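To keep things clear, I will list the structure first and then write my remarks on it.
The values are calculated or read from the model by the stated rules, or taken from the named source; none is laboratory data. Computed from a predicted structure; not experimentally measured. Methodologically, a virtual Cβ is constructed for each residue, glycine included, from the backbone with ideal geometry; neighbour enumeration extends over all protein chains shown.
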């Protein structure tokens, strides 16, 4: 039986959260003399002299309409990486607890585990890049607090079978974190609408990919109200700056334009995959539900280094488990994709001389 109180670190249970100046009154105010701000403003941006809303209320309300859930189920982080770190800090006791990842997967789960001194247990994906449920089951013990599932997965690009994720959710009494950074590019439905069904579910999303706002560093976590309250308790008081909040609100007004960009990127993804499949020495282009493709190709490292000389940067995943001789290629603009393909043709021509 899932019991959140058994997962929260003891010191977090008793933690008294920092109360910011803006937390200590309700209603409207005209004169703010409570937070030791510079009341004269800034020489560059006079309206940025005040601290931002620590709870990002306006962004959450607007986002809730897009996602179809209540604002109380939303946490905003300084990038998804902050959400990841806060989950470790809130629910995993250093030197005692453990978490499970399913490599190959996003590298920050391991980095955050190491930073927080949490044992990392690995249940590698099967050769078809799906979960090894039997292996996951053998790794779980009383100290296992989190299972991390990236879907669509990075770097493989595929979605994880929904039924397998549901099996983990139904049989694990810790938190199951589904990282949906690339969900907008997939056919698979998000798990955000399943929060009421699974009290142990946390879903991560981001403004960095489909929304095209990587520089803003704005991540999202969706979970039960009880889990969100824990994250809000632990986070820094002003973790999302005013400029980011304002720009996120503007972006949320352009859902139609974002959907158009997603469609274009998916179309270019399929076209680029077709081009690579026709190239000599390409062994496989893996199916992708993300804004990138994973390509298995002979001499992957040499090609990577050759492309660097042309000013083209890919991600060499050759040393990653199950991704030997693989390059991960982000879908660029039409111009960038053309430059890449032309450079690849130069490589093949050079190799045949």
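Listed values, structure above:
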item	result
Among (1) in contact (Cβ under 8 Å) with a residue 60 or more places away in the chain; (2) assigned to a helix (DSSP H, G or I) - the single one residue 54 does not satisfy	(2)
One residue from 170, 154, 158 being in a helix (DSSP H, G or I) and either surrounded by fewer than 21 Cβ atoms within 10 Å (Cβ to Cβ) or within 13 Å of the chain's Cα centre (by Cα) (or both)	170
Answer from 232, 259 - the residue that is modelled with pLDDT of 95 or more, out of contact with any helix residue (DSSP H, G or I) (no Cβ under 9 Å at 6 or more places or on another chain) and either part of a helix (DSSP H, G or I) or outside the structural domain of residue 206 (by TED's automatic domain parsing) (or both)	232
Residue check, residue 100 in the same structural domain as residue 146 (by TED's automatic domain parsing), surrounded by fewer than 13 Cβ atoms within 10 Å (Cβ to Cβ), under 20 Å from residue 144 (Cβ atoms) and without any contact (Cβ under 8 Å) to a residue 60 or more places away in the chain	no
Condition met for residue 105 (over 16 Å from residue 230 (Cα atoms) and not in a loop (DSSP other than H, G, I, E, B))	no
Selection count, region 274-298, where residues are within 15 Å of residue 338 (Cβ to Cβ) and either touching a strand residue (DSSP E or B) at 6+ places or on another chain (Cβ under 7 Å) or surrounded by 21 or more Cβ atoms within 10 Å (Cβ to Cβ) (or both)	1
Yes/no for residue 21 being within 15 Å of residue 237 (Cα to Cα) and touching a helix residue (DSSP H, G or I) at 6+ places or on another chain (Cβ under 6 Å)	no
